[in-house]
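Before any comments, here is the structure.
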Amino acid sequence: MGTFKMYLEFSRKSFQRAAAYRFDVWTRIVGNVLFLFMWGFIWYGLYHGKSSVEGVSFQAMLGYILVSQALQGIHGAGTPLWEIQERVRTGDIAMEMLRPYDYTTRMLFSDFGGIAFYFITAIVPLYTVLFLVLNPVVPTSLVQLGLFVVSVILGYFIRYCIELTFGLFTFWLVETGGVEDIFYFSISLFSGSVIPLWFFPGWLEQVARYLPFQAIFFIPNSIFVGQLTGPAIWYAFMNQVIWLLVCYLILRLVWNRASMKIVIQGG
Amino acid sequence: MVQSLLRGIDMYLYMAGASIRAQLQYRYAFVMNILGWAMTYAGTAITMWVLLYSFGALEGWTFWELIFLFALAVLSWGVCMVFFFHFRSLDQYIVNGTFDRFLVRPVHPFFHFMAMKFDVGAFGQFLFSIVAVSLAYSSLHLHWTWQWLVFLGAVIGGTLIQGGLLVVISAMAFWTTRSERLYWVVMWPFKSLMNYPLSIYPRVIQVLVTFVLPFAFVNYLPALLLLDKTSNNFSPFWGCLSPLVGVLFFWLCLRFWMLGLDRYKSTGS
C-alpha cells in the first residue's frame, strides 16, 4: 500500500505541474478541436445525400468521431514519445534507474496527473458542450457506458505499453526517424482513430483485426456508438486483455534488456 | 542595387552550402529524416485511399483528384521548408539570447536568419509530391499546355504564402517569446485542413482561408483550374492569382516581422 501511495505522489506532482503551465496545456485543445472540425466535415461531406452507409448512420459516425477525438486528446496529454527518447539519448534515464521505484510504473502515474488536469479542465467542459449541441449517438444505458469506460481503460494501457516499448528502442537505435513515422501511421490508421475498421476494404480490415492497435480506439469507440453489442463485446474484451498482457510482457522484456544495456555501458 | 543583390545571392549560396555540409555530416540521420517525411505523407495518402474505398468520392473529388490536391500542397510546402522551416524555432534564439548575434552583423537580420539554414530534409516532401503528382497526372489523363504555368505559379505562390505564415509565427516570438508551439497548435492543423477540398467546410472557413490566411491559393484554387473542376463559390480563374497573392502576402508578413524586430530591440536593453 505504501508503494501505491508513493506512485500516487508522482500523479499529484504532475497534476500540479500541469496546473502551473496551464496555458501550454490548454493550447493543445486548439489543435484537438481543429482536427475534430476537419474530420467532422470530412465525414459530413462523405455522408452527403446518404442516410446510412454499411448500416452506420451519420449521427453514429459523429458520435464515433467525437469520442475518438476526445480519447486522442486524453492519450496525447501524457509524456510524449520524444521526451522518453530524449531521456535515453542524454542518459538522464540512468538517474531514474538509481531510484527506488519502477520506471515504467512511475511514468504511468506521472501521466495520470497530467491527463487528469487536461481531462477535468479542457476535455470535459468542451466535449460536454459539443455532445449537447451536436446531438450524436451516445450510449443508451448505464451498462453500455460502463463497458465503454472499461474498454477505454484497457485501450489506454495497451497504447501506453506499446508507446513506451517503442520509446525504449532508442537504446539500440539512436536515430529512429523513419521507423517512428511508420509507427505513428500504424497507430493512427489501424487503431481506427479517424476511420472505423468497418469502412476498411475487407483484406485490410482482416489485417487490422490481427493487430493490437484496434484495441486502443476502435473497440471503445464502437461500444460507445452501439456498433459492438451482445456477446461480441465479451469477445472484444478478451481481445483487449490478451493484447494488454502481450504488450505488457514485451514492455517488461524490452525494459529488462535495456537495463542490462545501461549496466554494460556504465561498466 | 544590382551589386548588393548579387552580393546577397552570393552570400546566401555560401551560407546554404555551409548548412548543407553540416546536415550531411550525419548521413544516417539525414537519410532517415528524408524517408520519414516521405513516409508520413504516404501515410496520409493511404488514409485518403481507405477513406474513399467505401464512399467513392468526397463532394465530387475522386481519389486521384484528392491526391493531386494534397501533393500540390506538399510540393510547395517542401520548397517553403527549405527556406523557412527553421523560422518556427525563432523563440529558442530569443529565449537563449542568441538572437542578438543576428543584429550585430553587417547583414539584414531577416536575411541572415533566413540564410542560417537550408533544410535539405525537405527532399522527403519532393520525393513524395513529385511521385504523387506524376501518378495523379497519368491516372487522370491530363494533358497540360498553358496549365504548366499555372502549376508553376501555384508552387511559387504556395511557397510564399506558407513561408509568409511561418514568418508571422516566428514574429510572434518577439512579443510572446513563443513560436514553435504556435506552429504545431495553429498552423499545422490549419495546413492539414487544406489537404481536403475546401468545399466540404462551412462558408466562414472558405472566406477565412481565401482572404485572411490565403491557404486556398496554395492548392485548392489552382487545383480547381488544373483539374478542370467547377465550384459554386469560386470562378476557375482565381487559380491564376496564386503568385500575386503570394508576393503580396509575403510582403505583409515581412513588414510584420520587421515590426516585431523593432519591438525586440526596445526590450533588449
Notebook entry, point to check: Identify, please: which residue in the stretch B:41-71 is hydroxyl-bearing (Ser, Thr, Tyr) and more than 18 Å from the chain's Cα centre (by Cα) and is, among those, farthest from the other protein chains (Cβ to nearest Cβ)?
Noted result: B:Thr62
Notebook entry, point to check: Restricting the stretch B:1-39 to residues that are in contact (Cβ under 8 Å) with a residue 12 or more places away in the chain and hydroxyl-bearing (Ser, Thr, Tyr), which is nearest to B:Phe118 (Cα to Cα)?
Noted result: B:Ser19
Check: Of the residues that make up the stretch A:200-209, is at least one away from chain B (no Cβ under 14 Å) and touching a residue at least 12 places away in the same chain (Cβ under 8 Å)?
Finding: yes
Notebook entry, point to check: What pairs can you find where one residue is in the stretch A:11-23 and of a type in the set (A, V, I, L, M), the other is surrounded by 14 or more Cβ atoms within 10 Å (Cβ to Cβ), and their Cβ atoms are less than 6 Å apart, with a gap of 6+ or different chains?
Noted result: A:Ala18/A:Val25; A:Ala18/A:Gly114; A:Ala18/A:Phe117; A:Ala19/A:Phe117
Check: Hey, does the stretch A:181-189 have a residue that's within 14 Å of chain B (Cβ to nearest Cβ), of a type in the set (Asp, Glu), open to solvent by less than 70 Å² (accessible area, probe 1.4 Å) and more than 18 Å from the chain's Cα centre (by Cα)?
Finding: no
Next item on the list: Considering every residue within the stretch A:152-169, establish whether at least one is modelled with pLDDT of 90 or more, within 14 Å of chain B (Cβ to nearest Cβ), open to solvent by 30 Å² or more (accessible area, probe 1.4 Å) and within 19 Å of A:Val67 (Cα to Cα).
Entry: no
Check: at pLDDT below 95, over 24 Å from A:Ser193 (Cα atoms), open to solvent by less than 30 Å² (accessible area, probe 1.4 Å) and among the charged types (D, E, K, R) - does that describe any residue in the stretch B:80-91?
Finding: yes
Check: Hey, among the residues in the stretch A:1-28 that are among the β-branched types (Val, Ile, Thr) and within 23 Å of the chain's Cα centre (by Cα), which one's surrounded by the fewest Cβ atoms within 10 Å (Cβ to Cβ)?
Finding: A:Thr27
Check: Of all residues in the stretch A:57-66 being open to solvent by 20 Å² or more (accessible area, probe 1.4 Å) and part of a helix (DSSP H, G or I), which is farthest from the other protein chains (Cβ to nearest Cβ)?
Finding: A:Gln59
Next item on the list: For B:Gly121, work out the one condition from (1) modelled with pLDDT of 85 or more; (2) on the phi < 0 side of the Ramachandran plot it doesn't fulfil.
Entry: (1)
Checklist line | the stretch B:135-177, subset within 14 Å of another protein chain (Cβ to nearest Cβ) and either touching a Ser or Thr at 6+ places or on another chain (Cβ under 9 Å) or on the phi > 0 side of the Ramachandran plot (or both), residue surrounded by the most Cβ atoms within 10 Å (Cβ to Cβ) | finding: B:Ile169
Margin query: List pairs: first residue in the stretch B:65-83 and closer than 18 Å to B:Leu52 by Cβ and among the acidic types (Asp, Glu), second residue assigned to a helix (DSSP H, G or I) and open to solvent by less than 10 Å² (accessible area, probe 1.4 Å) anywhere in the structure, Cβ distance under 8 angstrom, at least six positions apart or on different chains.
Written below: B:Glu65/B:Ala136; B:Glu65/B:Ala223
Notebook entry, point to check: In the set B:Ser76, B:Ser19, B:Ser4, which member is buried (at least 19 other Cβ atoms within 10 Å of the Cβ), away from chain A (no Cβ under 14 Å) and not hydrophobic (A, V, I, L, M, F, W, C)?
Noted result: B:Ser76
Checklist line | Exclusive hit being of a type outside the set (A, V, I, L, M, F, W, C), in contact with a helix residue (DSSP H, G or I) (Cβ under 7 Å, 6 or more places away or on another chain) and surrounded by fewer than 21 Cβ atoms within 10 Å (Cβ to Cβ), set B:Tyr41, B:Tyr12 | finding: B:Tyr12
Item checked: Cβ-Cβ under 6 Å pairs, at least 6 apart or on other chains, the stretch A:29-56 side more than 7 Å from chain B (Cβ to nearest Cβ) and open to solvent by less than 30 Å² (accessible area, probe 1.4 Å), far side assigned to a loop (DSSP other than H, G, I, E, B) and at pLDDT 90 or above -> A:Trp39/A:Val194
Margin query: Is it the case, given these coordinates, that A:Asn239 is in contact (Cβ under 8 Å) with a residue 24 or more places away in the chain and of a type in the set (S, T, N, Q)?
Written below: yes
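The values are calculated or read from the model by the stated rules, or taken from the named source; none is laboratory data. Since the model is a prediction, treat every value here as computed from it, not as a measurement. Neighbour counts run over all protein chains shown; Cβ positions are idealised from the backbone, glycine included. Keep in mind that these areas ignore ligands, DNA and RNA; they rest on the heavy atoms of the full protein, side chains included. Shrake-Rupley method; radii C 1.70, N 1.55, O 1.52, S 1.80 Å.
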